Amino acid sequence: MSAETAVDGNRIAVRETVHPLWVRVTHWINALAILVMIGSGWQIYDAAPLFDGLRFGKSISLGNWLAGALLWHFAAMWVLAINGLVYLTLGIVSGRFRRKLLPISPRQVLADAKAALSFKLSHDDLSRYNAVQKLLYAGVILAGIVVVLSGLAIWKPVQLQELTALFGGYDAARYVHFFAMAAIVGFLVVHVALALIVPKSLRAMVTGR
Amino acid sequence: MRQRRIIPGVDPQLLIKDAASLMPAASRRAFLRGAASLGALTLLTGCDIIDGDTAEGVLRKISAFNDGAQAALFSPTKLAPTYPESAITRPLPFNAYYDEDDAPVVDGNSYKLEVAGLVDNKKPWTLAELHALPEVSQITRHVCVEGWSAIGSWQGTPLSEFLARIGADTRAKYVWFKCAEGYTNTIDMPTALHPQTQMTFKYDHKILPRAYGFPMKIRIPTKLGFKNPKYVVAMEVTNTDRGGYWENQGYNWFSGL
(Lines give C-alpha, C1' and ligand atoms only; values in the text may rest on other atoms or scores of the structure.)
Protein backbone atom coordinates (compact mmCIF):
# COMPACT_ATOMS: atom_id res chain seq x y z
CA MET A 1 0.00 0.00 0.00
CA SER A 2 2.98 2.35 -0.15
CA ALA A 3 3.34 4.82 -2.96
CA GLU A 4 6.82 5.88 -3.85
CA THR A 5 7.93 8.23 -6.61
CA ALA A 6 11.35 8.62 -8.14
CA VAL A 7 12.39 12.26 -8.37
CA ASP A 8 15.74 13.22 -9.90
CA GLY A 9 17.02 9.73 -9.32
CA ASN A 10 16.40 9.96 -5.58
CA ARG A 11 13.62 7.91 -4.15
CA ILE A 12 11.47 10.22 -2.11
CA ALA A 13 8.71 8.61 -0.12
CA VAL A 14 5.36 10.24 -0.79
CA ARG A 15 3.22 10.15 2.33
CA GLU A 16 1.95 6.63 2.19
CA THR A 17 -1.53 5.32 2.64
CA VAL A 18 -1.57 3.95 6.16
CA HIS A 19 -5.00 2.36 5.97
CA PRO A 20 -6.55 1.18 2.70
CA LEU A 21 -10.18 2.04 2.11
CA TRP A 22 -11.51 -1.39 3.12
CA VAL A 23 -9.82 -1.09 6.51
CA ARG A 24 -11.32 2.34 7.14
CA VAL A 25 -14.82 1.37 6.04
CA THR A 26 -14.91 -1.85 8.05
CA HIS A 27 -13.31 -0.08 11.03
CA TRP A 28 -16.06 2.53 11.31
CA ILE A 29 -18.90 0.12 10.61
CA ASN A 30 -17.43 -2.12 13.30
CA ALA A 31 -17.08 0.80 15.70
CA LEU A 32 -20.79 1.61 15.44
CA ALA A 33 -21.91 -2.02 15.54
CA ILE A 34 -19.79 -2.79 18.59
CA LEU A 35 -21.11 0.27 20.44
CA VAL A 36 -24.68 -0.88 19.82
CA MET A 37 -23.78 -4.43 20.85
CA ILE A 38 -22.10 -3.27 24.07
CA GLY A 39 -24.83 -0.78 24.96
CA SER A 40 -27.66 -3.24 24.37
CA GLY A 41 -25.62 -6.06 25.90
CA TRP A 42 -25.33 -4.11 29.14
CA GLN A 43 -29.11 -3.74 29.29
CA ILE A 44 -29.53 -7.47 28.64
CA TYR A 45 -26.93 -8.22 31.34
CA ASP A 46 -28.95 -6.20 33.85
CA ALA A 47 -31.96 -8.52 33.39
CA ALA A 48 -29.98 -11.36 34.99
CA PRO A 49 -26.65 -10.05 36.32
CA LEU A 50 -23.73 -12.45 36.58
CA PHE A 51 -22.07 -10.56 39.41
CA ASP A 52 -23.64 -9.27 42.61
CA GLY A 53 -23.43 -5.53 42.70
CA LEU A 54 -22.58 -5.08 39.03
CA ARG A 55 -25.37 -3.33 37.15
CA PHE A 56 -24.90 -1.02 34.20
CA GLY A 57 -28.15 0.91 34.50
CA LYS A 58 -30.39 2.46 31.88
CA SER A 59 -28.44 5.69 31.55
CA ILE A 60 -25.44 4.07 29.84
CA SER A 61 -27.23 1.20 28.14
CA LEU A 62 -29.37 0.88 25.06
CA GLY A 63 -32.95 -0.24 24.53
CA ASN A 64 -34.59 0.99 27.75
CA TRP A 65 -35.79 -2.46 28.74
CA LEU A 66 -34.97 -6.05 27.96
CA ALA A 67 -37.06 -6.45 24.81
CA GLY A 68 -35.76 -3.20 23.34
CA ALA A 69 -32.19 -4.17 24.10
CA LEU A 70 -32.67 -7.61 22.54
CA LEU A 71 -34.08 -6.03 19.38
CA TRP A 72 -30.98 -3.85 19.10
CA HIS A 73 -28.62 -6.69 19.95
CA PHE A 74 -30.05 -9.10 17.40
CA ALA A 75 -30.15 -6.43 14.71
CA ALA A 76 -26.61 -5.12 15.20
CA MET A 77 -25.28 -8.69 15.39
CA TRP A 78 -25.76 -9.02 11.63
CA VAL A 79 -23.79 -5.84 11.00
CA LEU A 80 -21.06 -6.93 13.39
CA ALA A 81 -20.83 -10.47 12.02
CA ILE A 82 -20.99 -9.66 8.30
CA ASN A 83 -18.64 -6.69 8.59
CA GLY A 84 -16.32 -8.76 10.79
CA LEU A 85 -16.23 -11.59 8.25
CA VAL A 86 -15.38 -9.14 5.46
CA TYR A 87 -12.63 -7.60 7.60
CA LEU A 88 -11.12 -10.95 8.62
CA THR A 89 -11.26 -12.31 5.07
CA LEU A 90 -9.60 -9.24 3.55
CA GLY A 91 -7.10 -9.03 6.40
CA ILE A 92 -5.97 -12.59 5.81
CA VAL A 93 -6.18 -12.62 2.00
CA SER A 94 -4.38 -9.29 1.56
CA GLY A 95 -1.65 -10.36 3.95
CA ARG A 96 -2.25 -7.24 6.05
CA PHE A 97 -2.65 -9.16 9.31
CA ARG A 98 0.60 -11.04 8.75
CA ARG A 99 2.45 -7.92 7.64
CA LYS A 100 1.16 -5.57 10.32
CA LEU A 101 0.53 -7.74 13.34
CA LEU A 102 3.14 -10.51 13.15
CA PRO A 103 5.47 -11.50 14.62
CA ILE A 104 4.71 -10.45 18.18
CA SER A 105 7.76 -10.89 20.39
CA PRO A 106 7.09 -10.91 24.14
CA ARG A 107 10.42 -9.19 24.80
CA GLN A 108 9.60 -6.42 22.36
CA VAL A 109 6.14 -6.07 23.93
CA LEU A 110 7.73 -5.53 27.37
CA ALA A 111 10.28 -3.07 26.01
CA ASP A 112 7.64 -1.09 24.09
CA ALA A 113 5.25 -1.16 27.04
CA LYS A 114 7.96 0.31 29.24
CA ALA A 115 8.72 2.97 26.64
CA ALA A 116 5.02 3.76 26.27
CA LEU A 117 4.51 4.17 30.00
CA SER A 118 7.45 6.58 30.18
CA PHE A 119 6.06 8.44 27.14
CA LYS A 120 9.11 7.58 25.04
CA LEU A 121 7.32 5.52 22.43
CA SER A 122 7.32 7.13 19.01
CA HIS A 123 4.25 7.27 16.79
CA ASP A 124 6.14 8.92 13.94
CA ASP A 125 5.52 6.12 11.51
CA LEU A 126 1.81 5.29 11.64
CA SER A 127 2.20 2.50 9.12
CA ARG A 128 4.29 0.42 11.52
CA TYR A 129 2.81 -0.87 14.74
CA ASN A 130 4.93 -1.18 17.85
CA ALA A 131 4.83 -4.47 19.72
CA VAL A 132 2.20 -3.30 22.22
CA GLN A 133 -0.06 -2.20 19.38
CA LYS A 134 0.45 -5.52 17.61
CA LEU A 135 -0.49 -7.38 20.77
CA LEU A 136 -3.56 -5.24 21.45
CA TYR A 137 -4.82 -5.30 17.86
CA ALA A 138 -4.30 -9.05 17.52
CA GLY A 139 -5.83 -9.48 20.98
CA VAL A 140 -8.97 -7.48 20.22
CA ILE A 141 -9.49 -9.38 16.95
CA LEU A 142 -9.33 -12.58 19.00
CA ALA A 143 -11.72 -11.14 21.60
CA GLY A 144 -14.07 -10.18 18.76
CA ILE A 145 -14.06 -13.74 17.45
CA VAL A 146 -14.67 -15.12 20.96
CA VAL A 147 -17.47 -12.66 21.69
CA VAL A 148 -19.29 -13.62 18.47
CA LEU A 149 -18.84 -17.37 18.97
CA SER A 150 -19.86 -17.28 22.65
CA GLY A 151 -22.82 -15.10 21.67
CA LEU A 152 -23.91 -17.73 19.16
CA ALA A 153 -23.48 -20.38 21.86
CA ILE A 154 -25.83 -18.48 24.18
CA TRP A 155 -28.32 -17.64 21.45
CA LYS A 156 -28.61 -21.18 20.09
CA PRO A 157 -27.70 -23.65 22.86
CA VAL A 158 -29.82 -26.35 21.17
CA GLN A 159 -29.22 -25.89 17.44
CA LEU A 160 -25.54 -25.04 18.01
CA GLN A 161 -25.13 -27.20 21.13
CA GLU A 162 -21.70 -28.45 20.02
CA LEU A 163 -20.46 -24.86 20.07
CA THR A 164 -22.12 -24.27 23.44
CA ALA A 165 -20.43 -27.40 24.79
CA LEU A 166 -17.11 -26.08 23.52
CA PHE A 167 -17.51 -23.11 25.86
CA GLY A 168 -18.33 -25.43 28.77
CA GLY A 169 -22.12 -25.23 28.48
CA TYR A 170 -24.73 -22.50 28.45
CA ASP A 171 -23.93 -20.88 31.79
CA ALA A 172 -20.16 -20.91 31.21
CA ALA A 173 -20.66 -19.41 27.75
CA ARG A 174 -22.43 -16.44 29.37
CA TYR A 175 -19.31 -15.74 31.42
CA VAL A 176 -17.08 -16.13 28.37
CA HIS A 177 -19.33 -13.68 26.50
CA PHE A 178 -19.12 -11.23 29.40
CA PHE A 179 -15.33 -11.38 29.72
CA ALA A 180 -14.81 -11.08 25.97
CA MET A 181 -17.00 -7.94 26.12
CA ALA A 182 -14.96 -6.68 29.08
CA ALA A 183 -11.72 -7.26 27.13
CA ILE A 184 -13.12 -5.31 24.18
CA VAL A 185 -14.26 -2.46 26.43
CA GLY A 186 -10.83 -2.41 28.09
CA PHE A 187 -9.21 -2.24 24.65
CA LEU A 188 -11.58 0.55 23.61
CA VAL A 189 -10.64 2.70 26.61
CA VAL A 190 -6.94 2.53 25.71
CA HIS A 191 -7.57 2.70 21.96
CA VAL A 192 -9.81 5.77 22.08
CA ALA A 193 -7.59 7.55 24.60
CA LEU A 194 -4.50 7.03 22.44
CA ALA A 195 -6.32 8.04 19.26
CA LEU A 196 -7.19 11.32 20.98
CA ILE A 197 -3.63 11.78 22.26
CA VAL A 198 -2.21 11.12 18.79
CA PRO A 199 -4.80 12.82 16.55
CA LYS A 200 -2.97 12.04 13.33
CA SER A 201 -3.75 8.37 13.96
CA LEU A 202 -7.43 9.27 14.02
CA ARG A 203 -7.02 11.28 10.83
CA ALA A 204 -5.32 8.32 9.18
CA MET A 205 -8.33 6.12 9.98
CA VAL A 206 -10.58 8.67 8.26
CA THR A 207 -8.58 9.89 5.26
CA GLY A 208 -6.20 6.97 4.98
CA ARG A 209 -3.11 9.10 5.41
CA MET B 1 -48.46 5.11 31.36
CA ARG B 2 -50.08 4.30 28.09
CA GLN B 3 -53.14 2.12 28.29
CA ARG B 4 -52.13 -1.45 27.67
CA ARG B 5 -53.88 -3.38 24.97
CA ILE B 6 -56.54 -5.36 26.74
CA ILE B 7 -56.34 -9.09 26.23
CA PRO B 8 -59.66 -10.83 26.84
CA GLY B 9 -59.68 -12.75 30.09
CA VAL B 10 -56.70 -10.94 31.55
CA ASP B 11 -56.94 -9.96 35.18
CA PRO B 12 -56.09 -6.24 35.19
CA GLN B 13 -54.57 -6.58 38.66
CA LEU B 14 -52.05 -9.04 37.36
CA LEU B 15 -51.23 -6.74 34.52
CA ILE B 16 -50.49 -3.91 36.88
CA LYS B 17 -48.20 -6.11 38.94
CA ASP B 18 -46.39 -7.08 35.82
CA ALA B 19 -45.09 -3.57 35.42
CA ALA B 20 -43.00 -3.57 38.55
CA SER B 21 -40.11 -5.82 37.69
CA LEU B 22 -39.72 -5.95 33.97
CA MET B 23 -41.33 -2.91 32.50
CA PRO B 24 -39.72 0.46 32.20
CA ALA B 25 -41.21 3.14 34.37
CA ALA B 26 -42.07 5.25 31.37
CA SER B 27 -44.35 4.25 28.58
CA ARG B 28 -43.50 1.06 26.75
CA ARG B 29 -43.37 2.76 23.43
CA ALA B 30 -40.58 4.97 24.67
CA PHE B 31 -38.35 1.96 25.02
CA LEU B 32 -36.47 2.81 21.91
CA ARG B 33 -36.78 6.54 21.86
CA GLY B 34 -33.72 7.15 24.00
CA ALA B 35 -31.78 5.00 21.62
CA ALA B 36 -33.25 6.31 18.43
CA SER B 37 -30.55 8.84 17.67
CA LEU B 38 -27.76 6.33 18.12
CA GLY B 39 -29.76 3.84 16.10
CA ALA B 40 -30.18 6.29 13.30
CA LEU B 41 -26.45 6.85 13.22
CA THR B 42 -25.71 3.18 13.13
CA LEU B 43 -28.29 1.15 11.35
CA LEU B 44 -30.88 3.50 10.12
CA THR B 45 -29.04 5.94 7.97
CA GLY B 46 -31.63 7.97 6.16
CA CYS B 47 -34.34 7.50 8.74
CA ASP B 48 -35.72 10.22 10.92
CA ILE B 49 -33.35 10.28 13.85
CA ILE B 50 -35.87 11.61 16.33
CA ASP B 51 -38.77 9.36 15.51
CA GLY B 52 -38.53 6.45 17.92
CA ASP B 53 -41.43 4.71 16.24
CA THR B 54 -39.44 4.52 13.02
CA ALA B 55 -36.52 2.97 14.83
CA GLU B 56 -38.87 0.53 16.52
CA GLY B 57 -40.48 -0.31 13.20
CA VAL B 58 -37.15 -1.08 11.58
CA LEU B 59 -35.99 -3.11 14.56
CA ARG B 60 -39.21 -5.11 14.52
CA LYS B 61 -38.74 -5.80 10.81
CA ILE B 62 -35.27 -7.12 11.54
CA SER B 63 -36.75 -9.19 14.36
CA ALA B 64 -39.22 -10.67 11.88
CA PHE B 65 -36.30 -11.42 9.57
CA ASN B 66 -34.64 -13.13 12.54
CA ASP B 67 -37.77 -15.29 12.95
CA GLY B 68 -37.15 -16.60 9.46
CA ALA B 69 -33.45 -17.08 10.05
CA GLN B 70 -34.17 -19.07 13.22
CA ALA B 71 -36.86 -21.16 11.51
CA ALA B 72 -34.29 -22.00 8.83
CA LEU B 73 -31.74 -22.94 11.49
CA PHE B 74 -34.28 -25.04 13.43
CA SER B 75 -33.80 -28.75 13.01
CA PRO B 76 -36.98 -30.81 13.54
CA THR B 77 -34.87 -33.76 14.68
CA LYS B 78 -32.07 -32.17 16.69
CA LEU B 79 -32.75 -32.79 20.37
CA ALA B 80 -32.07 -30.40 23.21
CA PRO B 81 -29.35 -31.76 25.48
CA THR B 82 -30.69 -33.87 28.37
CA TYR B 83 -29.21 -34.14 31.84
CA PRO B 84 -29.03 -36.61 34.74
CA GLU B 85 -31.30 -36.25 37.79
CA SER B 86 -28.34 -34.91 39.77
CA ALA B 87 -28.17 -31.87 37.49
CA ILE B 88 -31.71 -30.68 38.30
CA THR B 89 -31.81 -27.15 39.71
CA ARG B 90 -33.52 -27.26 43.11
CA PRO B 91 -35.72 -25.43 43.54
CA LEU B 92 -36.57 -24.53 39.96
CA PRO B 93 -37.26 -20.79 40.02
CA PHE B 94 -40.83 -19.58 39.65
CA ASN B 95 -41.01 -16.97 36.94
CA ALA B 96 -43.91 -14.97 35.56
CA TYR B 97 -45.05 -11.40 35.18
CA TYR B 98 -46.82 -11.71 38.53
CA ASP B 99 -45.93 -12.96 42.01
CA GLU B 100 -46.21 -16.62 42.81
CA ASP B 101 -49.12 -15.83 45.16
CA ASP B 102 -51.04 -14.42 42.20
CA ALA B 103 -50.56 -17.47 39.99
CA PRO B 104 -53.84 -18.83 38.66
CA VAL B 105 -55.64 -21.46 40.69
CA VAL B 106 -57.25 -23.92 38.32
CA ASP B 107 -59.76 -26.47 39.60
CA GLY B 108 -58.56 -29.79 38.22
CA ASN B 109 -62.01 -31.39 38.64
CA SER B 110 -63.85 -28.96 36.42
CA TYR B 111 -60.89 -28.31 34.11
CA LYS B 112 -61.39 -28.96 30.43
CA LEU B 113 -58.82 -28.35 27.73
CA GLU B 114 -60.56 -26.64 24.82
CA VAL B 115 -59.39 -27.67 21.36
CA ALA B 116 -60.15 -25.49 18.36
CA GLY B 117 -59.17 -24.65 14.83
CA LEU B 118 -57.98 -27.01 12.12
CA VAL B 119 -58.65 -30.28 13.94
CA ASP B 120 -61.05 -33.14 13.30
CA ASN B 121 -62.16 -33.64 16.89
CA LYS B 122 -62.91 -30.55 18.98
CA LYS B 123 -64.13 -32.45 22.01
CA PRO B 124 -62.76 -30.82 25.20
CA TRP B 125 -60.40 -32.97 27.27
CA THR B 126 -60.79 -33.56 31.00
CA LEU B 127 -57.70 -33.80 33.15
CA ALA B 128 -58.34 -37.51 33.75
CA GLU B 129 -58.37 -38.10 29.99
CA LEU B 130 -55.18 -36.10 29.54
CA HIS B 131 -53.44 -37.97 32.36
CA ALA B 132 -54.30 -41.25 30.64
CA LEU B 133 -52.20 -40.28 27.59
CA PRO B 134 -48.83 -42.03 27.16
CA GLU B 135 -46.16 -40.47 29.37
CA VAL B 136 -42.66 -39.44 28.39
CA SER B 137 -40.09 -37.70 30.57
CA GLN B 138 -37.35 -35.17 29.97
CA ILE B 139 -34.68 -33.44 32.03
CA THR B 140 -33.76 -30.39 30.03
CA ARG B 141 -32.52 -26.85 30.42
CA HIS B 142 -35.04 -24.03 30.71
CA VAL B 143 -33.45 -20.86 29.32
CA CYS B 144 -35.09 -17.59 30.27
CA VAL B 145 -35.11 -14.60 27.92
CA GLU B 146 -33.46 -12.74 30.80
CA GLY B 147 -30.40 -14.92 30.44
CA TRP B 148 -30.54 -17.24 33.44
CA SER B 149 -31.16 -20.94 33.03
CA ALA B 150 -32.29 -23.86 35.18
CA ILE B 151 -32.50 -27.60 34.64
CA GLY B 152 -35.84 -29.24 35.35
CA SER B 153 -37.66 -32.53 35.02
CA TRP B 154 -40.96 -32.64 33.15
CA GLN B 155 -43.35 -35.47 32.36
CA GLY B 156 -46.26 -35.56 29.97
CA THR B 157 -47.25 -36.56 26.49
CA PRO B 158 -45.59 -35.41 23.26
CA LEU B 159 -47.64 -32.61 21.73
CA SER B 160 -47.22 -34.29 18.33
CA GLU B 161 -48.94 -37.39 19.77
CA PHE B 162 -51.85 -35.31 21.00
CA LEU B 163 -52.11 -33.41 17.72
CA ALA B 164 -52.32 -36.76 15.92
CA ARG B 165 -55.08 -37.95 18.27
CA ILE B 166 -57.25 -34.90 17.67
CA GLY B 167 -56.69 -35.11 13.94
CA ALA B 168 -54.88 -31.79 13.68
CA ASP B 169 -53.96 -30.52 10.25
CA THR B 170 -50.21 -30.42 10.74
CA ARG B 171 -49.82 -28.50 7.49
CA ALA B 172 -51.18 -25.52 9.42
CA LYS B 173 -48.57 -22.95 10.35
CA TYR B 174 -49.20 -22.41 14.04
CA VAL B 175 -50.49 -23.71 17.31
CA TRP B 176 -51.91 -21.06 19.60
CA PHE B 177 -52.25 -21.49 23.36
CA LYS B 178 -54.42 -19.66 25.83
CA CYS B 179 -53.79 -19.77 29.55
CA ALA B 180 -55.99 -19.40 32.62
CA GLU B 181 -54.67 -15.94 33.49
CA GLY B 182 -55.01 -14.68 29.92
CA TYR B 183 -51.43 -15.32 28.85
CA THR B 184 -51.18 -16.36 25.22
CA ASN B 185 -48.54 -17.88 22.99
CA THR B 186 -48.22 -18.89 19.35
CA ILE B 187 -45.65 -21.43 18.19
CA ASP B 188 -44.67 -22.63 14.75
CA MET B 189 -45.86 -26.09 13.65
CA PRO B 190 -42.34 -27.56 13.19
CA THR B 191 -41.66 -26.77 16.86
CA ALA B 192 -45.08 -28.15 17.89
CA LEU B 193 -44.14 -31.42 16.18
CA HIS B 194 -40.60 -31.57 17.64
CA PRO B 195 -40.19 -34.85 19.58
CA GLN B 196 -39.36 -33.03 22.83
CA THR B 197 -42.28 -30.60 22.74
CA GLN B 198 -44.44 -31.87 25.55
CA MET B 199 -47.88 -31.38 27.06
CA THR B 200 -46.67 -31.46 30.62
CA PHE B 201 -48.72 -32.69 33.58
CA LYS B 202 -45.97 -33.48 36.07
CA TYR B 203 -42.87 -31.84 37.41
CA ASP B 204 -40.22 -34.16 38.80
CA HIS B 205 -42.72 -37.06 38.61
CA LYS B 206 -45.30 -35.30 40.77
CA ILE B 207 -48.48 -33.58 39.55
CA LEU B 208 -47.52 -30.07 38.40
CA PRO B 209 -47.63 -27.72 41.36
CA ARG B 210 -49.50 -24.46 40.88
CA ALA B 211 -46.24 -22.54 40.54
CA TYR B 212 -45.15 -24.62 37.57
CA GLY B 213 -48.42 -24.42 35.67
CA PHE B 214 -51.11 -26.80 37.04
CA PRO B 215 -52.88 -28.43 35.38
CA MET B 216 -50.92 -28.28 32.14
CA LYS B 217 -47.93 -26.51 30.73
CA ILE B 218 -46.36 -26.81 27.31
CA ARG B 219 -42.71 -27.68 27.74
CA ILE B 220 -40.61 -26.71 24.72
CA PRO B 221 -36.88 -27.18 25.36
CA THR B 222 -36.08 -25.68 21.95
CA LYS B 223 -37.58 -22.32 22.90
CA LEU B 224 -37.01 -19.62 25.49
CA GLY B 225 -38.97 -19.96 28.72
CA PHE B 226 -41.68 -17.43 27.88
CA LYS B 227 -42.64 -19.61 24.88
CA ASN B 228 -43.45 -22.41 27.36
CA PRO B 229 -46.97 -21.46 28.49
CA LYS B 230 -48.33 -22.60 31.86
CA TYR B 231 -51.97 -23.03 33.03
CA VAL B 232 -52.96 -23.84 29.44
CA VAL B 233 -56.74 -24.00 29.04
CA ALA B 234 -57.15 -23.89 25.27
CA MET B 235 -55.23 -24.57 22.10
CA GLU B 236 -55.97 -23.82 18.49
CA VAL B 237 -54.39 -25.12 15.32
CA THR B 238 -54.38 -22.19 12.94
CA ASN B 239 -52.84 -20.43 9.98
CA THR B 240 -53.23 -17.06 11.67
CA ASP B 241 -50.40 -15.78 13.80
CA ARG B 242 -52.09 -14.35 16.84
CA GLY B 243 -48.84 -13.47 18.57
CA GLY B 244 -48.55 -13.72 22.30
CA TYR B 245 -48.33 -11.80 25.53
CA TRP B 246 -44.61 -10.98 25.41
CA GLU B 247 -44.11 -11.26 21.66
CA ASN B 248 -46.62 -8.45 21.17
CA GLN B 249 -44.54 -6.25 23.44
CA GLY B 250 -41.32 -6.70 21.53
CA TYR B 251 -39.76 -10.03 22.43
CA ASN B 252 -38.68 -11.96 19.37
CA TRP B 253 -41.52 -14.13 18.07
CA PHE B 254 -39.60 -17.31 17.23
CA SER B 255 -37.29 -17.19 20.26
CA GLY B 256 -35.71 -20.52 19.39
CA LEU B 257 -32.76 -21.97 21.24
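Some points to look at:
- Checking every residue in the range B:125-132 against the condition of being at pLDDT 95 or above, surrounded by fewer than 16 Cβ atoms within 10 Å (Cβ to Cβ), in contact with a Pro (Cβ under 7 Å, 6 or more places away or on another chain) and not aromatic (Phe, Trp, Tyr) gives zero matches.
- Scanning the range B:150-167 for residues that are in contact (Cβ under 8 Å) with a residue 60 or more places away in the chain and either in contact with a Phe, Trp or Tyr (Cβ under 8 Å, 6 or more places away or on another chain) or under 14 Å from residue B:218 (Cα atoms) (or both) gives B:151, B:152, B:153, B:154, B:156, B:163.
- Scanning the range A:71-111 for residues that are among the hydrophobic types (A, V, I, L, M, F, W, C) and within 14 Å of another protein chain (Cβ to nearest Cβ) yields a total of 11.
- When each of A:198, A:158 is tested for being closer than 30 Å to residue B:148 by Cβ and either in contact (Cβ under 8 Å) with a residue 60 or more places away in the chain or within 14 Å of another protein chain (Cβ to nearest Cβ) (or both), the lone residue that passes is A:158.
- Only listed residue being out of contact with any His (no Cβ under 7 Å at 6 or more places or on another chain), assigned to a strand (DSSP E or B) and surrounded by fewer than 19 Cβ atoms within 10 Å (Cβ to Cβ), chosen from B:137, B:110: B:137
- Residue B:17 fulfils the conditions (1) more than 10 Å from chain A (Cβ to nearest Cβ); (2) in contact with a Phe, Trp or Tyr (Cβ under 7 Å, 6 or more places away or on another chain); (3) at pLDDT 95 or above except for a single criterion, (3).
- With respect to the conditions (1) within 14 Å of another protein chain (Cβ to nearest Cβ); (2) in contact with a Gly (Cβ under 7 Å, 6 or more places away or on another chain); (3) modelled with pLDDT of 95 or more, residue B:238 falls short on a single one, namely (1).
- Members of the range B:217-257 found to be in contact with a strand residue (DSSP E or B) (Cβ under 7 Å, 6 or more places away or on another chain), more than 27 Å from residue B:124 (Cα to Cα) and not in a loop (DSSP other than H, G, I, E, B), listed by number: B:256
- Scanning the range B:229-251 for residues that are crowded, with 22+ Cβ neighbours inside 10 Å, in contact (Cβ under 8 Å) with a residue 60 or more places away in the chain and under 13 Å from the mean Cα position of the chain (by Cα) gives B:230, B:231, B:232, B:235, B:244, B:246, B:247.
- Of all the criteria given as (1) outside any helix (DSSP H, G or I); (2) in contact (Cβ under 8 Å) with a residue 60 or more places away in the chain; (3) surrounded by fewer than 15 Cβ atoms within 10 Å (Cβ to Cβ), the one not satisfied by residue B:89 is (3).
- Looking only at residues in the range A:41-70 that are aliphatic (A, V, I, L, M), outside any loop (DSSP other than H, G, I, E, B) and under 20 Å from residue B:143 (Cβ atoms), the one that is farthest from the other protein chains (Cβ to nearest Cβ) is A:69.
A quick yes/no check of all residues on (1) more than 13 Å from the chain's Cα centre (by Cα); (2) more than 26 Å from residue A:47 (Cβ to Cβ); (3) charged (D, E, K, R):
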{"residue": "B:141", "(1), (2), (3)": "yes, no, yes"}
{"residue": "B:147", "(1), (2), (3)": "yes, no, no"}
{"residue": "B:153", "(1), (2), (3)": "yes, no, no"}
{"residue": "B:156", "(1), (2), (3)": "yes, yes, no"}
{"residue": "B:163", "(1), (2), (3)": "yes, yes, no"}
{"residue": "B:166", "(1), (2), (3)": "yes, yes, no"}
{"residue": "B:171", "(1), (2), (3)": "yes, yes, yes"}
{"residue": "B:189", "(1), (2), (3)": "yes, yes, no"}
{"residue": "B:199", "(1), (2), (3)": "no, yes, no"}
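- Residue tally, condition farther than 29 Å from residue A:71 by Cα and within 14 Å of another protein chain (Cβ to nearest Cβ), over the range B:85-112: 2
The values are calculated or read from the model by the stated rules, or taken from the named source; none is laboratory data. In this text, all values refer to a predicted model and were calculated from it rather than measured experimentally. Please note: Cβ atoms are built from the backbone with ideal geometry, for glycine as well, and neighbour counts cover all protein chains shown.
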